[in-house]
Amino acid sequence: MIMATETKLKGCFILEPTVHKDERGYFFESYNHKDFCRAIGLEVNFVQDNISFSKKGVLRGLHFQKGEHVQAKLVTVLQGKIQDVVVDLRKDSPTFGQHLSIELNAENKKQLFVPRGFAHGFLTLSETAMIIYKCDNYYEKGAEGGIRYDDIVLAIDWSITKKEIVRSLKDRLLSSFKEVTK
């Protein structure tokens with residue numbers, strides 16, 4: 001069983017699975033297609049799983065796929081904790097240009113469903129973190145895009161200082177929100 005709560009961003013959901021705990025540990029279904037689609041009221045067919053392992057302070061994103069390669073994602077933290085951030089890039093959306101920041105961690109087992117048309121990124125808050133995210137479309141290198149984490153229009157409040165943040169060269173070269181959405 002899964003409980004879904006729509007966030008302030010239309011179509012973006014926080015999912016909380018039912019966790020069965022006892023003296024041995026715990027068990028839960030991390031994904032059940034039928035229950036997932038019923039919970040969010042949308043048919044989504046995931047075709048690719050990605051796993052990311054990061055050290056403390058690593059910021060990945062904000063990434064997205066363009067055109068016919070746009071992706072919806074279901075993000076789950078397997079180990080550690082992250083600050084997960086999504087930005088609505090859908091120009092026809094009432095929440096266009098708004099972002100959501102949420103802590104996801106292995107202890108609370110919350111998941112985030114990110115619909116198509118969003119940029120996504122995360123910051124590792126624990127010593128290490130491992131996340132898995134399901135995608136409903138295949139990755140295409142030529143369709144990738146991204147927005148700077150410190151974009152002044154978005155004004156995202158990351159939970160650590162700039163000097164503590166570790167980014168890839170590719171992420172240091174990302175565009176501004178205005179450049180991406182013009």
Filtered residues of the stretch 125-167 (kept if polar (S, T, N, Q) and either at pLDDT below 95 or more than 20 Å from GLN71 (Cβ to Cβ) (or both)): SER126, THR128, SER159, THR161
Selection from the stretch 149-182 of residues that are free of Cβ contacts under 8 Å to residues at least 40 places away in the same chain and of a type in the set (S, T, N, Q): THR161, SER175, SER176
Odd one out for VAL47 among (1) touching a helix residue (DSSP H, G or I) at 6+ places or on another chain (Cβ under 7 Å); (2) exposed (fewer than 13 other Cβ atoms within 10 Å of the Cβ); (3) in contact (Cβ under 8 Å) with a residue 60 or more places away in the chain: (1)
Filter result (over 14 Å from LEU78 (Cα atoms) and buried (at least 22 other Cβ atoms within 10 Å of the Cβ)) within the stretch 107-116: PHE113, VAL114, PRO115
Test: residue in the stretch 19-34 that is among the charged types (D, E, K, R), surrounded by 13 or more Cβ atoms within 10 Å (Cβ to Cβ) and within 23 Å of TRP158 (Cα to Cα): no
Answer from TYR133, TYR149 - the residue that is assigned to a loop (DSSP other than H, G, I, E, B), buried (at least 20 other Cβ atoms within 10 Å of the Cβ) and not charged (D, E, K, R): TYR149
Residues satisfying the stated conditions in the stretch 66-75, i.e. more than 13 Å from the chain's Cα centre (by Cα), outside any loop (DSSP other than H, G, I, E, B) and surrounded by 13 or more Cβ atoms within 10 Å (Cβ to Cβ): HIS69
Which listed residue, of LEU59, LEU123, LEU104, LEU78, is among the aliphatic types (A, V, I, L, M) and either surrounded by fewer than 16 Cβ atoms within 10 Å (Cβ to Cβ) or part of a loop (DSSP other than H, G, I, E, B) (or both): LEU78
Failed item, numbered, when GLY142 is tested on (1) outside any loop (DSSP other than H, G, I, E, B); (2) within 26 Å of ILE40 (Cα to Cα): (2)
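The values are calculated or read from the model by the stated rules, or taken from the named source; none is laboratory data. Since we're looking at a predicted model, the values are computed, not measured. Backbone-built Cβ (ideal geometry, glycine too); neighbour counts: all protein chains shown.
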